[in-house]
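Participant: Structure provided below as structure tokens; questions to follow.
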Amino acid sequence: MQWADELIVPIPELHVQHAVASAAERLVSFQADLSSRLESIWSSPEAADEVVGQVAGVFDGSLSAWLDQLPYPIASALWAAESASSAGERQRAYLHACEAMGLFTDEGVVLF
């Protein structure tokens, strides 16, 4: 058993462990919700379209769906960049988006 005394096990930093545990908890919760919905459509097939419609947004990879999830100042600036007619307007809009992103931390807290 001497080799076990020298065993090195790489462990991520504590903040990484917390982030992974939090993400795993959210995904397990989401998985449980999806399983419950799947069971419900087998017991009530007539409600299948409604059940799928409740989670359809998760599978929408469009730009508009993504922008709808962002805080207003960021989404507004990115929409302006997307619809800009010149490179200069697009650049200004991206700068506004960067400024708007600077207002938000990872936790979604607005800094003033």
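Participant: Filter the stretch 13-36 for residues that are of a type outside the set (A, V, I, L, M, F, W, C) and under 23 Å from Gln69 (Cα atoms) and give the result.
Facilitator: Scanning the stretch 13-36 gives Ser22, Glu25, Arg26, Ser29, Gln31, Asp33.
Participant: Same structure again: Do we find that Gln54 is at pLDDT below 90, of a type in the set (S, T, N, Q) and either assigned by TED's automatic domain parsing to the domain that holds Val16 or in contact with an Asp or Glu (Cβ under 7 Å, 6 or more places away or on another chain) (or both) in this structure?
Facilitator: Yes, satisfied.
Participant: If you don't mind, another one. Consider only pairs whose beta carbons are under 6 Å apart and that are at least six residues apart or on different chains; among these, list those whose first residue lies in the stretch 62-75 and is at negative phi and at pLDDT 80 or above and whose second residue is assigned to a helix (DSSP H, G or I) and small (Gly, Ala, Ser).
Facilitator: Here the result reads Leu67/Ala75; Pro73/Ala100; Ile74/Ala97; Ile74/Ala100, each pair linking the stretch 62-75 to a residue that is assigned to a helix (DSSP H, G or I) and small (Gly, Ala, Ser).
Participant: Out of contact with any Phe, Trp or Tyr (no Cβ under 6 Å at 6 or more places or on another chain) and surrounded by 11 or more Cβ atoms within 10 Å (Cβ to Cβ): is that true of Arg26 in this structure?
Facilitator: Against the criterion (out of contact with any Phe, Trp or Tyr (no Cβ under 6 Å at 6 or more places or on another chain) and surrounded by 11 or more Cβ atoms within 10 Å (Cβ to Cβ)), Arg26 does not qualify.
Participant: Inside the stretch 37-92, counting only helices (runs of 4 or more DSSP H) that do not spill past its ends, which hold 3 or more residues that are under 25 Å from Leu103 (Cβ atoms)?
Facilitator: Hits in the stretch 37-92: 63-68, 72-83.
The values are calculated or read from the model by the stated rules, or taken from the named source; none is laboratory data. Worth saying up front: this structure is predicted, and the values here are computed from it rather than measured. As a convention, Cβ positions derive from the backbone with ideal geometry for all residues, glycine included, and neighbour counts pool all protein chains shown.
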